[in-house]
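Okay, so here's the structure we're looking at.
Please treat every number below as a calculation from the coordinates, not as lab data. Remember, it's a predicted structure, so these values are computed and weren't measured experimentally. Cβ sites come from the backbone with ideal geometry, for glycine too, and all protein chains shown count toward neighbours.
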Amino acid sequence: MTMSRIAALIAAAVTVAACSITGGTLGGRETCWPDEEQRVPSLMKGTLQVGGANPILVTPEGEVLPLRLPRFDLATEGSTIALSDPAGGGVVAANGDLVTLFGGLGADGAMYVCGVEERGR
């Protein structure tokens with residue numbers, strides 16, 4: 001991903017996040033990344049690709065966003081690799097699903113994922 005595209009993603013996320021933050025809330029969501037990591041709260045939609053060494057989200061525009069998933073475990077759903085909620089929520093998304101993720105976009109170009117907001121197939 002080029003730096004200009006990363007900058008564009010972050011700029012878009014700032015715009016969306018600013019709408020949520022102005023009311024002093026993130027729409028009931030809580031950040032989950034370490035305080036020392038400066039990240040912009042964001043919602044991103046795309047196709048989830050997990051199971052390889054580097055999980056990614058491919059946006060509808062074809063951009064590839066690296067994902068950081070420390071809050072999730074890998075599991076299987078049938079024969080597909082999936083994300084599982086270790087707090088007992090079961091499978092929340094599977095490889096190839098169209099998802100909307102909430103998390104924090106950082107200057108490193110990656111999204112630290114706090115939760116799966118929507119899941120489609």
Classify the range 28-95: rounded, prolate or oblate, from the alpha-carbon gyration tensor (a ≥ b ≥ c, eigenvalue square roots; a/c under 1.5 rounded; otherwise prolate if a/b is larger than b/c)?
oblate
Can you give me the distance in nm between label points at Asn54 and Ser79, each placed 7 Å from the Cα along the Cα-to-Cβ direction?
2.8
Any GluC sites (Glu not before Pro) in the range 40-86 that lie in a DSSP loop and have at most 16 other Cβ atoms within 10 Å would be Glu61
